[in-house]
Amino acid sequence: MKHIVNGQLVDMTESEIQEYNERNTAWNNASADRKLEQIKQMRLERLRETDWMSNSDVTMPDYIKTWRQTLRDLPQNNTTESQYDALLETTGSFPNKSYVHSVWTQPTE
């Protein structure tokens, strides 16, 4: 690998290559962490939208119970950045942007 020092392209030392690789790994891990936090926030918003159905005077339909459990299971069932990307994939653009993955749409009967 090469990098620029004082305007000259020079070979990187082994320690510079190691540092470069460690920084890239840290950056990639931080990226995955940010995506997971976004997924958790989106999940929380959808759970809150249906929390009222868990009141004692309301009977929550089974399809909503299943969907809510699927939302709660997202972090343990999706652990790679490519899975995060699939969950965060969108179509359209602001203000008509929407998420492609079906988990984000509240089911109807």
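Quick note: the coordinates plus some simple rules give every number you see, no bench work behind them. Everything numeric here is computed off the predicted structure, so don't read it as measured data. All Cβ positions, even for glycine, are placed from backbone atoms using ideal geometry, and neighbour counts span all protein chains on display.
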(message) Among the residues that make up the range 40-58, is at least one of them in a loop (DSSP other than H, G, I, E, B), within 30 Å of S102 (Cα to Cα) and small (G, A, S)?
(response) yes
(request) Considering only residues that are among the acidic types (D, E) and free of Cβ contacts under 8 Å to residues at least 24 places away in the same chain, look in the range 40-51 and name the one that is surrounded by the fewest Cβ atoms within 10 Å (Cβ to Cβ). (result) D51
(request) Scan the range 52-73 for residues that are surrounded by 12 or more Cβ atoms within 10 Å (Cβ to Cβ), of a type in the set (D, E, K, R) and without any contact (Cβ under 8 Å) to a residue 12 or more places away in the chain and report the count. (result) 2
(message) Would you confirm, using the coordinates I've provided, whether Q18 is surrounded by fewer than 12 Cβ atoms within 10 Å (Cβ to Cβ) and out of contact with any strand residue (DSSP E or B) (no Cβ under 9 Å at 6 or more places or on another chain)?
(response) yes
